[in-house]
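Comments concern the structure below.
The values are calculated or read from the model by the stated rules, or taken from the named source; none is laboratory data. Not measured: the values here are computed from a predicted model. Virtual Cβ from ideal backbone geometry, glycine too; neighbours counted across all protein chains shown. The protein model used for the area step is the full one, side chains on, heavy atoms only, and it has no ligands, DNA or RNA in it. Shrake-Rupley method; radii C 1.70, N 1.55, O 1.52, S 1.80 Å.
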Amino acid sequence: MENFDSDIIVIGAGGCGLMAALVAAKKGARVLLLEKTDKPGGGTAFSSKGIRAAGSRRQRELKSADSPELYAQDILRRNNNESDAVLTQRLTETSGRVADFLADAAGIEFQIGEFAFGHGAQRSHSWKADKTITDFLYEAVERETNIQVRFSTPVLSLKQQADGAVIGVVTPDCALTARKIILASGGFGASAELLSRYIPKAADIPFPGHHGSTGDGLKMGIEAGAATENMGAFQPYPAYIGPGKRAVPPEVALSGGIMVDARGKRFVDETKYPGGLGIKMLELPGKQAYEIFDERIYQLHRNAPGLRNLSRYFDEGLLLRADTPEKLAAGLAIDAAGLKQTIQEYNDRAANGGKDAFGRALPEPLRAPFYGIKVTVALYHTQGGLKVTPNGQVLRADGSIIPNLYAGGGVAVGVSGRGLEGYLPGNGLLASLGLGMRAAEHAAESFNK
């Protein structure tokens with residue numbers, strides 16, 4: 001039998017790669033984790049402090065009626081059945097195991113959040129510790145003797161046999177062999193070339209994600225003969241302020257806040273978050289809008305954690321407050337008569353417990369004083385990628401499997417369908433961590449049989 005440098009080479013030390021390395025090592029595999037930058041994190045390090053999971057131990061403790069089947073239905077309903085149904089189901093089935101694994105192997109103490117964010121159940125698993133999920137994962141990776149990590153080590157290409165089977169990688173310093181290769185190097189939000197090719201509408205909007213998300217794994221997979229799918233899909237964020245990840249928390253819109261354009265007019269059901277709102281903002285001049293809310297909503301979310309803190313934006317002068325719609329409009333430099341009419345129409349319908357012209361059920365009227373802030377739409381992460389099986393095996397266009405090659409995270413196609421409106425909050429980490437786990441399990445078990 002040929003001697004391999006490692007059992008499994010994982011390319012990329014973001015959430016997917018760290019999860020894959022950790023799962024494989026705990027199954028006895030010798031893992032080499034290669035990361036082109038000088039530290040772990042990837043795009044997952046920019047994610048919010050939470051994952052979505054159905055059927056987790058924490059949910060069972062709380063006697064939740066949620067299930068992987070209901071979770072899959074929510075995803076397919078949001079994306080109009082555009083994602084692969086089997087892949088979607090397998091990932092939601094895996095989500096509970098992912099949460100339990102993170103609790104056991106990485107020491108995360110989960111709590112279940114109250115906001116559903118478009119989901120049919122309360123399945124947001126968050127934590128209080130001031131750490132990202134990649135912080136937890138990397139600490140666990142460092143404890144594993146079966147994992148060797150090399151930073152500042154980009155992978156230039158894959159090594160293949162004549163039959164297409166992948167047997168290793170090429171780095172600037174050497175060639176390395178392994179039984180299995182897992183591509184987990186992130187999406188392509190930081191690649192102007194790939195955005196222009198696949199998502200031209202997003203080529204000129206901010207990308208506050210990881211600078212290493214340049215599509216390296218995607219390119220290597222395509223060169224190896226892989227098929228791609230849903231390359232135009234991405235997660236927009238429609239309440240972006242910048243720089244970095246500074247944004248208005250989504251709870252503002254979900255609590256009754258509204259979005260208006262420069263005419264002071266609403267243009268969308270704001271609860272279609274984030275894709276339905278983001279796709280409409282892309283059509284506006286400057287791809288920007290103005291988020292309007294009242295004192296009740298401000299007090300609810302003024303101390304939102306991290307870079308979504310409303311009181312901080314107020315102190316900086318970005319978030320404005322006024323006693324009347326006209327004064328608020330003047331501060332925001334938008335049409336005063338239009339904003340006054342919009343708020344009046346919103347309040348009339350809300351007072352009667354009705355729905356608005358967009359079909360949104362309105363919670364309650366907006367009352368003075370009013371708040372407003374200018375926001376734009378940003379690209380948070382791409383959702384298209386290499387076509388894979390539910391176990392992360394990379395597929396060719398004819399449906400055959402490229403031997404020994406796996407993909408997950410931003411390299412593989414997600415479960416958001418073909419466009420923007422199919423993104424359900426949590427889809428990115430569901431696919432990233434879920435495919436990382438499933439690919440590692442399949443890869444390790446295939447040569448342990």
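Backbone geometry of segment 288-295 corresponds, through the Karplus equation with coefficients 6.51, -1.76 and 1.60 at θ = phi - 60°, to 3J(HN,Hα) couplings of 9, 8, 9, 8, 10, 7, 10, 4 Hz, x marking Gly and Pro.
Give me the number: length gained by fully extending N3 to T145, i.e. 0.36 nm times residue separation minus the C-alpha to C-alpha distance, one decimal in nm. Contour length minus Cα-Cα distance gives 49.1 nm. Exposure check, 1.4 Å probe, all protein chains in place: E69 carries approximately 90 Å² of accessible surface. Largest to smallest in accessible area, the residues C16, C174 fall in the order C174, C16 (1.4 Å probe, all protein chains included).
With every protein chain present, what is the per residue accessible area of the chain (1.4 Å probe, Å²)? Normalised by residue count, the accessible surface of the chain is 40 Å².
Of the solvent-accessible surface of the chain, computed with a 1.4 Å probe over protein heavy atoms with every protein chain present, carbon and sulfur atoms account for 48 percent.
Report, in deg cm²/dmol and to the nearest 500, the calculated mean residue ellipticity at 222 nm for the chain, where each DSSP H run with n ≥ 4 adds -39500 (n - 2.57) and the sum is divided by the residue count. Calculated mean residue ellipticity at 222 nm is -9500 deg cm²/dmol. Looking at the chain, the DSSP beta bridges with both ends there are about 70 percent antiparallel. Taking a point 7 Å from the Cα of T177 along the Cα-to-Cβ direction, the residues of segment 1-35 with backbone N closer than 11 Å to it are 1-6. List the trypsin sites (Lys or Arg not before Pro) within segment 140-183 that fall in a DSSP loop (any state other than H, G, I, E or B) and whose Cβ has at most 15 other Cβ atoms within 10 Å. In loop regions of segment 140-183 (DSSP not H, G, I, E or B), the sparsely surrounded trypsin sites (Lys or Arg not before Pro) are R143.
Close amide H contacts of A378 (hydrogens built in the peptide plane, cut-off under 5 Å, sequence separation of 5 or more or a different chain): Y237, A239, Y240. Annotation: amide H-H contacts under 5 Å for T228 (H modelled 1.01 Å from N, sequence separation of 5 or more, or interchain): K387.
Could you state the angle between the C-alpha long axis of helix 15-26 and the longest principal axis of the C-alpha atoms of the chain, as a value from 0 to 90 degrees rounded to the nearest 10? Value to nearest ten degrees: 40.
Here's how it looks for Q383: its modeled amide H is under 5 Å from those of A233, F234, Q235, which are all 5 or more places away or on a different chain. Positive-end ranking of G256, Q383, G414 along the dipole of the chain, with charges on Cβ about the Cα centre, is headed by G256.
Sequentially through segment 258-267, phi angles give Karplus couplings (6.51, -1.76, 1.60; θ = phi - 60°) of 10, 10, 10, 9, 5, 7, x, 9, 6, 9 Hz, Gly and Pro residues having no value and appearing as x.
One quarter of the surface of the convex hull around the alpha-carbon atoms of the chain equals 21.3 nm², the direction-averaged projected area. Which shape class, rounded, prolate or oblate, goes with segment 92-210 when its Cα gyration tensor gives a ≥ b ≥ c as root eigenvalues, a/c under 1.5 marks rounded, and past that a/b bigger than b/c marks prolate? Oblate, since a/c reaches 1.5 and b/c is not below a/b. A simple rule links phi to the HN-Hα coupling: the Karplus curve 6.51 cos²θ - 1.76 cosθ + 1.60 with θ = phi - 60°, which for segment 427-438 gives 4, x, 6, 4, 6, 4, 6, x, 5, x, 5, 5 Hz, with x for Gly and Pro.
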